[in-house]
Amino acid sequence: MRRWVGRLLLGGVVILVVLVAGTAVRVWQVARISDTTPADAIVVLGAAQYAGTPSSVFEARLDQARKLYEQGVAPTIVTVGGKQDGDQYTEAASGKSFLIDEGVPADAIIAVEEGSDTLLSIEAVSREMGRQGMHSAVLVSDPWHSLRTRTMARDAGLEAWTAPTRQGPAVFTRESQLNGIARETAALLWYQLTHFSVDFAYAAGR
């Protein structure tokens with residue numbers, strides 16, 4: 001009996017290791033994809049903002065969205081994200097303001113001022129895009145975030161692909177890259193298991 005219990009435990013550990021390793025490889029693979037197929041909208045996932053000024057992580061995402069817009073990938077940019085307790089500005093509003101300052105026409109930007117995590121943000125975007133007759137989106141976030149956001153967006157009914165930023169503190173160092181892969185592997189496995197979101201904090205920079 002002990003032998004069989006030991007074998008079952010060993011088998012369980014092996015399966016877990018293979019599952020985690022396989023997910024990590026998939027996170028890495030999708031992070032390398034930049035699909036600029038034309039879509040209805042470019043969706044920028046929110047990140048921290050400070051009194052209306054995007055953090056360096058958020059700014060890198062917004063810069064990427066602006067470049068895609070200027071390339072003609074989509075006629076509309078959607079910024080998304082609510083605000084934390086004590087904040088005066090939402091992530092979506094600060095993102096829209098930044099893009100306007102960078103030369104993107106205000107009427108080409110939709111600010112969806114909802115969402116305290118990735119899943120809630122994606123669901124809010126899906127609802128708003130549906131109301132406006134839009135169904136396809138190029139998702140912009142950090143590379144390691146791509147697979148989870150794409151998975152959630154497709155689950156929410158959007159046709160979605162990713163064109164992540166290649167700039168900013170989330171991709172500067174090997175340490176930040178490994179941290180991002182580990183964080184997103186755990187978050188994606190949690191989402192696939194529970195269909196709830198968990199956004200692990202990371203110190204990629206302000």
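The values are calculated or read from the model by the stated rules, or taken from the named source; none is laboratory data. Keep in mind it's a predicted model, so treat the numbers as computed, not measured. Neighbour counts are summed over all protein chains in view; Cβ atoms, including those assigned to glycine, are modelled from backbone coordinates with ideal geometry. Each accessible area value is taken on the protein alone, full model and side chains, heavy atoms only, with ligands, DNA and RNA left out. Shrake-Rupley method; radii C 1.70, N 1.55, O 1.52, S 1.80 Å.
Is it true that Arg66 is more than 21 Å from Ser126 (Cα to Cα) and more than 13 Å from the chain's Cα centre (by Cα)?
Values: more than 21 Å from Ser126 (Cα to Cα): no; more than 13 Å from the chain's Cα centre (by Cα): yes.
When the stated conditions are applied, Arg66 does not pass them.
Any residue at all in segment 32-53 that's part of a helix (DSSP H, G or I) and in contact (Cβ under 8 Å) with a residue 40 or more places away in the chain?
No: segment 32-53 contains no residue that is part of a helix (DSSP H, G or I) and in contact (Cβ under 8 Å) with a residue 40 or more places away in the chain.
What's the number of the only condition in (1) within 25 Å of Arg154 (Cβ to Cβ); (2) open to solvent by 20 Å² or more (accessible area, probe 1.4 Å); (3) part of a helix (DSSP H, G or I) that Gly72 fails to meet?
The single condition Gly72 does not satisfy is (3).
Determine whether segment 97-116 contains at least one residue that is buried (at least 19 other Cβ atoms within 10 Å of the Cβ) and in contact with a Pro (Cβ under 7 Å, 6 or more places away or on another chain).
Looking for residues that are buried (at least 19 other Cβ atoms within 10 Å of the Cβ) and in contact with a Pro (Cβ under 7 Å, 6 or more places away or on another chain), one finds at least one in segment 97-116, hence yes.
I'd like to verify a number: residues in segment 159-184 that are over 15 Å from Leu45 (Cα atoms) and at pLDDT 95 or above, how many?
1
Which residues, counting only those in segment 12-55, are among the β-branched types (Val, Ile, Thr) and open to solvent by less than 40 Å² (accessible area, probe 1.4 Å)?
Applying the first criterion (among the β-branched types (Val, Ile, Thr)) to segment 12-55 yields 13-15, 17-18, 20, 23, 25, 27, 30, 33, 36-37, 42-44, 53.
Of everything in segment 12-55, those that are among the β-branched types (Val, Ile, Thr) and open to solvent by less than 40 Å² (accessible area, probe 1.4 Å) turn out to be Thr23, Val27, Val30, Ile42, Val43, Val44.
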